[in-house]
Structures are given as structure tokens and as C-alpha cells.
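Scroll down for the structure; my scribbles are underneath it.
The values are calculated or read from the model by the stated rules, or taken from the named source; none is laboratory data. All of these numbers come straight from a predicted model, not from anything done at the bench. With ideal geometry, Cβ positions are generated from the backbone for all residues, glycine too; neighbour counts draw on all protein chains shown. Surface areas here come from the heavy atoms of the whole protein model, side chains and all, with no ligands, DNA or RNA. Shrake-Rupley method; radii C 1.70, N 1.55, O 1.52, S 1.80 Å.
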Amino acid sequence: MGGACSRKRDHQDDVYDFQRGFSRRYAKSGSSKWLATSFTRPVLDIQPGTRNGPSLMDLCVRKICKDINKFNTFSMLPRDISQQIINELVYSGCLTDVSFEGFRDCALQDLYLGECPGVNDSWMDVISSQGSSLLSLDLSGSDVTDDGLIYLQDCKSLQALNFNDCDHISDHGLEHISGLSSLTNLSFRRNSAITAHGISAFASLINLMKLDLEKCPGIHGGLVHLQGLTKLESLNIKWCNSIDDADMKPLSDLTNLKCLQICCSKVTDFGITYLKGLHNLSLLNLEGCPVTAACLDSLAALDGLLYLNLSRCGLTDEGCEKFSRFGNLKVLNLGFNDITDAFLVHLKGLTNLESLNLDSCKIGDEGLVNLTGLQHLKSLELSDTVVGSGGLHHLSGLINLESINLSFTVVTDSGLRKLSGLSSLKSLNLDTRQITDSGLAALTSLTGLTHLDLFGARITDSGTTYLRSFKDLKSLEICGGGLTDVGIKNIKDLSSLTLLNLSQNCNLTDKTLELISGLTGLISLNVSNSRITNSGLKHLKMLKNLKSLTLESCKVTANEIRKLQMTDLPNLVNFRPGGK
Amino acid sequence: MKKEDTVKLISAEGFEFVIHKDAAMVSQTIRNMLTSPGGFAETEHGEVTFPEISTTILEKICKYFYWNLQFASGKQTEFHIEPELVLELMMAANYLHT
């Protein structure tokens, strides 16, 4: 807790973004995407299972937040204490412009106001009063304008600034931050007003290490102002679709760059030639850029490259023999390209690969023979390919595999036996119609599974017996329509479950909710399109961790869920039917 | 209450609170004082003086120690804090690491 710790709560790392590139199909279990973001929030609540009660410090902080109107100022408190109070106010959603006034001159180090409603220029004076104590400030999503940024000139020590989704900030405002030369991290995601001229204000930020301009469509021509920022290690200009080859030239001298993301820009093979000298580059994201295999000549010079994303680049087999030169790569994303089995032979030598994404490529069984030597492979994405049971044979020796996605492939029950020896597997996606109970029967040896997706598979009640082998399952989706309450008896003891999706099984009744009432770890539950009624809701009272509940097309009303939320489920933030 | 099982906490005004050692050791700071070998005089005499903690606040803190022990043993009640004490109490809690 306290200021020192919150400093480490850094902004999300793009590398992880990239590694998770093997995309899950969030659309079907609508809530899980959003859950991922809310998990990152700090938690002050009493942790169940810990022996000790809440500290006196926590109790005091909560008491103050409850009675916040009784306090005019906190400036007499030591900094680390006032920092804890404001953190809790922000977290509990209780910070207002009135209560914020109490934090004038508190010498606060961190102000994460990114989730606070109502933040605007009138808050800036109190922010400014923190003076040179203030090290990081997040005003994302606020209504702060160009004029508001004038106040930041007093906060000379600022190291990190976040202005994502600030629609009222334009080039004119950026001039006011040009003197903040201690800045190391700066983020202006999704700003359509910033142009090349605005970027010129960054030229004096010589300590900048991380710059994020994702989805700023107007910055073409502005990167020339970054030329002198030799400490820059990470530059994100994803979805800045005006960026083209000319914008790459100024990057050629930024030799400390480790992470460069230029996906969905107009950069072509020619633009990539400017990157040849970036020997420290370990992550390069070119997703959706109009490049061809010819760019591989330039990329081969980048001997430190570990993560390469070339998905949606329109690559074909032609010229791809150059891939054999990328023996250092750990993560390679080739999803949604026109590559075929013939291409995969070029990956044979990439023995350091840990993650390979071939989503929606024209890959079948024969090509997979080239993957047999990739012994470090942990994650393999084969969704929407024509890989079938014959191909799985080639994967049976990849004993380090932790995650395989076989959704929308032509894999059948008989092939799954080949996966039964992959004892490291944690995540398996078999969302495909032809998988049935007997396929599941072949997998019971995979006792380490934590994520199992059988969304469209035709699993029936008798198939659920095999689920008993997967005691560590954290997420389970079975939505093929074949389950009744009888099958749920085999799910009710999977006590590690946090996400359970049983939607589309239209024969499930309130009995199902009664059976799963002991799965107290559940954070997300979906039993849509079933015969659940309002009177079944009472069985959910013990699911205190539940954040998301989806019961669409059931005989359940928003009002009844809201009542349950008020009386028993304080953590429930997202439910259907109903609203937030 | 045996003497060796207790500890005396003395407020700024000189008011003495004799409480169980187990309770006092809910505070990480007091625990360190009482258990660190050799160093502190507090270890020998079982007495700790807090020149910056008033009697009212120290009494409240002692109540918290016992409340915390009860909480840990499963009796989870609410700990009441008077609004007028909370700021001072928090500074003491910060010092006592509790």
C-alpha cells in the first residue's frame, strides 16, 4: 500500500498484449473481456481465508471515505497516509470535486483519476498544488481542456502522464507540457485532434522512454520531432492510419527502441528498411500493414527480435523462405495470411518459438509435420484452419504445449487421443461442432487443464462425467445445447471455477443454479437461453465474488437481479437482463 | 493475568494500559520492540512509552488490538471509530504498523 507501492502499479505492458495475441472469441461469452480490465484494480477488501482482520489503517481509511464530507483538509497528514485515503476514494468511486479540494497541498505522488467521473479543468488547481511531489498523473477520459494543462507547469517532477480519451486536448495544450523534462512515460491514446504540429512539443522531453499515441489518426509527419529522444524504448502508434513510410525515417536513429508497434498504418516494405539499425528492438508489431515477404530482408538484420506480429499482412508463400533466418524468435503471429502448408517448412528451424499463431491460415494436416521440432512451443493457435485429426499426430510430441486453440477446425473425436500425452496443457479450445462426449473421454489424462472451451461441442450429460478429471478448471464453456440439470451434478464440484458459461442449454432449470450454489469462486456466470426463473436466483446468494451474471432470454427480470445485488452480491457490476 | 504475559503501554500523558502481550503484538512495531533480542529496554521491562500518542487514542488502539484477536478467531463484528478521532488514530496506526 502507500505511494511507494502504487508506483510499481505500472501501466499495462504491451508485450503482454502481444503475447495474448492468440485472440479468444470474446463475443460469445460477452463479459470476459471486460472482466480482464477490472481485475487490475487494487483491492482493499478483506481477503477471505486470511487469518488476520483488516488493519486499523484500512479501517480508518474506509471510515474517512464514508464520512468524507466531514473533512476539509488532509494537508496536515503525512503524505503516505493522504495517498492511501485518495486511492481508496478513487477506488470506491466516491471522489468528487468537493472532496478532492481536501487534498490541496498534500504533496501527493500519484493521482490516478482515470476512472473518476466529472474530472475537468476545475480540478487542475488542486492537482497543481501537489507541486514537485507529483510523479504520476492519470487524467484519462476526463474533460480536461488545453487550458487545464497550463496548471501542470508547476509539477516539474512528473514522470508519467496519461491522457487517453481526452477529447478536449489538442495541439495547443501540448505546448504546456513541453517543459516537463522529467517525463519518462506519456500516453495520449485515441486523440483525433493531435497533429504533427502538436508532436513538436515532445521534442524537449529528452527523458521520455515510453510514448503511446495509439489511435491518433492525425499525427502523420510529426514523428520527425521525436528524432532527438534517444532514450525512447517503446513507441506505440498502432492504428494511426495516416502513418506511412516517410514517418519511419526519423525512427532510424532511435537505437534504444525495444518495442515498436505500427500496426494498421500505411507503412510498406520500403518504410521497414529504415528500421534496419534498431538492434535493440525485441518487439515489432506490423499487424495489418501493407508489407510483403520482401520486408523480411530488413527484419533479418534485427538480431534482438523476439516478438514479431505479421498478422493480416496479406503474406503468401512467395518469398517466405527468409523466415528460416529468424531463429531467435519466441513469438510469431502469422494469423489471417494466405500462407499454406508449403510455407510451414520455413518455420522448421525456429526452435526457440514459444508461441505461434496461424489463425485462419490455409493450413492443413500435412504442414504440421514441420512443427514437430519446435520443442519450446507453449502456445499454438490453429483456429479456423483445416487442421483435422490427422494433423494432431504431429503435435503429440510437443510436450511443453500449454495452450492449443482448435476451434472451428475439422478435428474430430478420434484425433483427440493424440493430445492425451500433453501433460503441460492448461488451456484447450475445442469449440467445434463435431466434438462429442467420446472426444472428451480421450482427454481425461489432462488433469492440469485450467481453461476448457467446448462452446459449440455437442456435449451431453453423460459426457460431463469426464469433467471430473479436471479439478483445477478455472473456466469452462459448454454451450452446445445438450446439457440438462443432470449433467450439472458433475460440474458442481469443480471448485476452482471462476468463469462458467452454460448458455444455450435450453433445458437447464433453477435446479442448475441450486447445484452450482457452492461454486463460490465464480466471478462470471452465464446461463442464458435456459428455463431459469426469478425464483432460482436465491441460490446465487453465496456467490459473493460474482461480478458478471448473464441470464438473457430466461424468465428473469432485471429488477430481481438488482434486488439480489443489493442484498447479497455487492461485487456484481454487470448483469443481463438489466443494465449497469 | 500473569505479569510475564502482559505489557504496559504508556500514553503521552503518562496513563498506563496493561494488556496481554498477544494483543499488543497485533502491532508490528510493538512486536519488533518486544521480540528483538537484547536491544530494546522495552523487552526487559515489558513497558513501552508513546510520547506522541494521547490517552484517548492509545485506549482506542488497545480496543482495536482485542477486536483484531476476536476477528481472527472468527467473531467478526464491526469496529466503531468516532469521526473526531479518525485522523489522529490513523497517524498512530501508521506508526504502530497496525
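On a C-alpha basis, how far is the centre of region A:186-221 from the centre of region A:99-174 in Å? Whole number, if you could? Each part reduced to its Cα centre gives a spacing of 18 Å. Other residues whose C-beta falls under 13 angstrom from the C-beta of A:Val556 contribute a net charge of +3, scoring Lys and Arg +1 and Asp and Glu -1.
If you bin all the Cα-Cα distances of region A:459-579 at 5 Å, starting from zero, the percentages per bin are 2, 13, 24, 28, 20, 10, 4, 1.
Here is what passes the span test in chain B: the DSSP H helices with alpha carbon length of 24 Å or more along the helix axis and a Kyte-Doolittle mean of -0.5 or above are B:55-72.
With the simple spin-label model, which puts each label point 7 Å out from Cα in the Cβ direction, the B:Gln70 to A:Thr557 separation comes to 4.2 nm. Rounded to 0.05, the FRET efficiency of the A:Ile150 and A:Val573 pair, given R0 = 45 Å and the Cβ-Cβ distance, is 0.80.
Remark: mean inter-chain Cβ contacts per residue of A:78-85 equal 2, using a 10 Å Cβ-Cβ cutoff to other protein chain atoms. Chain B and chain A together bury an accessible surface of about 1800 square angstrom, both sides counted, with a 1.4 Å probe and no ligands or nucleic acids included.
Taking the Cα centre of each part, how many Å lie between region A:225-269 and region A:509-579? With region A:225-269 and region A:509-579 each reduced to a Cα centre, they are spaced 47 Å.
Counting only protein chain heavy atoms and rolling a 1.4 Å probe, the accessible areas of A:Asp171, A:Asp493, A:Asp80 rank, largest first, as A:Asp493, A:Asp80, A:Asp171. Take the protein assembly as shown with all the other protein chains still there, run a 1.4 Å probe, and you get 42 Å² of accessible area per residue. Look at where the Cα atoms of region A:272-296 and of region A:487-501 average out, and the two centres are 45 Å apart.
Comparing each chain alone with all protein chains together (probe 1.4 Å, DNA, RNA and ligands left out), the residues of region B:71-98 losing at least 40 Å² of accessible area are B:Phe71, B:Ala72, B:Ile81, B:Pro83, B:Val86, B:Leu87, B:Met90, B:Met91, B:Asn94, B:Thr98. Rolling a 1.4 Å probe across all protein chains gives A:Thr550 an accessible area of roughly 20 Å². Ordered from largest to smallest accessible area (heavy atoms of protein chains, 1.4 Å probe), the residues B:Thr35, A:Thr512 come out as B:Thr35, A:Thr512.
The alpha carbon radius of gyration of the protein assembly as shown, expressed as a multiple of 2.2 N^0.38 Å, is 1.12. Sorted largest first, the spans of the alpha carbon positions of region B:3-96 along the three principal axes are 38, 32, 21 Å.
Between rounded, prolate and oblate, where does region A:194-293 land on the alpha carbon gyration tensor, with a ≥ b ≥ c its root eigenvalues, rounded for a/c under 1.5, else prolate if a/b exceeds b/c? Oblate, because a/c is 1.5 or more while a/b does not exceed b/c. At an R0 of 41 angstrom, the distance between the Cβ atoms of A:Thr292 and A:Asn256 translates into a FRET efficiency of 0.90. For A:Ser122, the accessible surface of its heavy atoms amounts to roughly 80 Å² (probe 1.4 Å, protein chains only, rounded to the nearest 10).
When nucleic acids and ligands are ignored and a 1.4 Å probe is applied, A:His394 ends up with an accessible area of around 40 Å².
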